[in-house]
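Below: the structure, in structure tokens.
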């Protein structure tokens, strides 16, 4: 009970921190802008495609979910790659620089409550970002007739994917006092996690399986199809747990080193 | 209330705190005195549970800070060297947040925030952002933060740093007012501060405790001998030998102008009566007789530097030391 209260106190503080400065609004705006750009590209492509099919006299209609929404959601991974380092870079680095870390670590709350609180705060901001993009998707529901389920599971997948990036970003932020260093480091690591499946083909059949499993974005695919596969769910959740675990170890070791 | 037992802290090969032990009784104000880099902050960080000790044990309010950190932290208020403020929050929001994580009950929180703001005189800045505060206000909001959960133990790392003289006096008064209901450890390198606010002093140098006592006892003990300043109206050359012949007197130093003497005696013997009698029975005039004390500053220098100052003592008033220490 107190544990939940402490975690929420930290989460609330984090979330308020994002919106006390222009940072939160800029991030949401940036995310919405990039999402909108991708959405437009896919929408235009989709419109042309269906026009061509109609002119060809084919009865078949191409699927909105399949072609448009799924395509956009896959590209959200790229947006996350660029935006998430900006979300997480200050989480720990700033507390360490300004000395407020001393306040948190001498308060009757556990490291875990602080870490989970910070994670939830960042997740709150990310959820707000996704919520704004839902406006674009809502237009499709107004004009067309897409299926709801793949949209919902797709968003769940994105939330989990974002959680993975956040947990890694949180860890990297805990390593340094410098926000910029934290941001650049996070970006570099995200980039590696993203491009790792480009090398999947060159490492042989067994290597491909391993690399495919390491790639965070690979696991999003089933979610965008409307399938919640336990395998992927477990993957994402354990990835997040591992990231938070590393953060806990980092904070603890910092404490011993002083 | 606070018990530090053989605490050491090493960073790699560097030993920041070396086998430090001391006790603080309930309601007492303990001054932690030492030059910069002596290990004051490290010791305080160990006491507050910010970092663990490499060796030894620290017990705060009956709880081992390492074994049951949450219980100890619940009873400790801590003002670090730099006040830990969130620049984006207003003073009120900030204190409310600290109240939440320190476990102040939701129903009492609002009242507590108002109370500590009034105590530390920051209520007129309640709705201003922490980033916009002057150094003095930041320091006092830091103090308010340490008080928010009404802790039994207060650990204050240089609470008057960066304040102007008026604020320093106010803050010292506030701290003195908190003693009794709170047990306080405060660190400082300003010596008069210790003499004015603390009941007991721990002097620490290079990570080791070099002295623990009351400011008065330290002054007496560390001089090694008691020195009297005496001015007599006597025929030239007669007073010196007469004073030296008094039992218990170890040394008489005459001033250049003559007529004034510094008379050293064995520790613990009070020679004032004998001095006065000697002078008066010879028909001389006793113009001045007063004990000479080593100022805390001199003691501090004596215990923290390897070579002892050649002069045993020099007359000094509190004002002049205070001025020197503020530089």
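Of note:
- Every condition in (1) surrounded by fewer than 24 Cβ atoms within 10 Å (Cβ to Cβ); (2) farther than 26 Å from residue A:255 by Cβ holds for residue A:176 except the one numbered (2).
- Reported count of residues in segment B:180-196, each being closer than 22 Å to residue B:116 by Cα and at pLDDT below 85, is 1.
Here's the yes/no breakdown for (1) closer than 20 Å to residue B:185 by Cβ; (2) assigned to a loop (DSSP other than H, G, I, E, B):
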position: B:72; (1), (2): yes, no
position: B:88; (1), (2): no, yes
position: B:92; (1), (2): no, no
position: B:117; (1), (2): no, no
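- Residue in segment B:141-148 that is away from every other protein chain (no Cβ under 12 Å), within 27 Å of residue A:94 (Cα to Cα) and touching a residue at least 60 places away in the same chain (Cβ under 8 Å) present: yes
- Filtered residue count, segment B:10-40, keeping only those that are touching a residue at least 60 places away in the same chain (Cβ under 8 Å) and within 10 Å of chain A (Cβ to nearest Cβ): 1
So that you can scan it fast, the table gives a plain yes or no per residue for (1) modelled with pLDDT under 95; (2) surrounded by fewer than 18 Cβ atoms within 10 Å (Cβ to Cβ); (3) at the interface with another protein chain (Cβ under 8 Å from one of its Cβ atoms):
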site	(1), (2), (3)
B:68	yes, yes, no
B:78	no, no, yes
B:87	yes, yes, yes
B:91	no, no, no
B:95	no, no, no
B:98	no, no, yes
B:105	yes, yes, no
B:108	yes, yes, no
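- Residue A:122 vs. criteria more than 19 Å from residue A:4 (Cα to Cα) and either more than 9 Å from chain B (Cβ to nearest Cβ) or in contact (Cβ under 8 Å) with a residue 60 or more places away in the chain (or both): no
- Residues satisfying the stated conditions in segment B:1-22, i.e. surrounded by fewer than 20 Cβ atoms within 10 Å (Cβ to Cβ) and within 16 Å of residue B:76 (Cα to Cα): B:3
- Condition check for residue B:56: on the phi > 0 side of the Ramachandran plot and more than 14 Å from chain A (Cβ to nearest Cβ): yes
- Of all residues making up segment A:213-238, the number that are within 14 Å of residue A:116 (Cα to Cα) and buried (at least 19 other Cβ atoms within 10 Å of the Cβ): 0
So that you can scan it fast, the table gives a plain yes or no per residue for (1) over 30 Å from residue A:100 (Cα atoms); (2) assigned to a helix (DSSP H, G or I); (3) modelled with pLDDT of 90 or more:
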site: A:200; (1), (2), (3): yes, yes, no
site: A:203; (1), (2), (3): yes, yes, no
site: A:219; (1), (2), (3): yes, yes, no
site: A:234; (1), (2), (3): yes, yes, yes
site: A:239; (1), (2), (3): no, yes, yes
site: A:242; (1), (2), (3): no, yes, yes
site: A:249; (1), (2), (3): no, yes, yes
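Yes/no matrix, rows are residues, columns are (1) touching a strand residue (DSSP E or B) at 6+ places or on another chain (Cβ under 9 Å); (2) farther than 21 Å from residue A:108 by Cα:
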{"position": "B:21", "(1), (2)": "yes, yes"}
{"position": "B:33", "(1), (2)": "yes, yes"}
{"position": "B:42", "(1), (2)": "yes, no"}
{"position": "B:61", "(1), (2)": "yes, no"}
{"position": "B:64", "(1), (2)": "yes, no"}
{"position": "B:77", "(1), (2)": "yes, no"}
{"position": "B:85", "(1), (2)": "no, no"}
{"position": "B:109", "(1), (2)": "no, no"}
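- Of all residues in segment B:23-39, those satisfying the criterion of being buried (at least 20 other Cβ atoms within 10 Å of the Cβ) and either part of a strand (DSSP E or B) or modelled with pLDDT of 90 or more (or both) are B:24, B:29, B:30, B:31, B:32, B:33.
- Segment A:141-154, residues that are under 23 Å from the mean Cα position of the chain (by Cα) and either closer than 18 Å to residue A:38 by Cα or surrounded by fewer than 12 Cβ atoms within 10 Å (Cβ to Cβ) (or both): A:148, A:151, A:154
The values are calculated or read from the model by the stated rules, or taken from the named source; none is laboratory data. These numbers were taken from a predicted model, which means no experiment stands behind them. Here the Cβ is made from the backbone with ideal geometry for all residues, glycine too, and neighbour counts use every protein chain on show.
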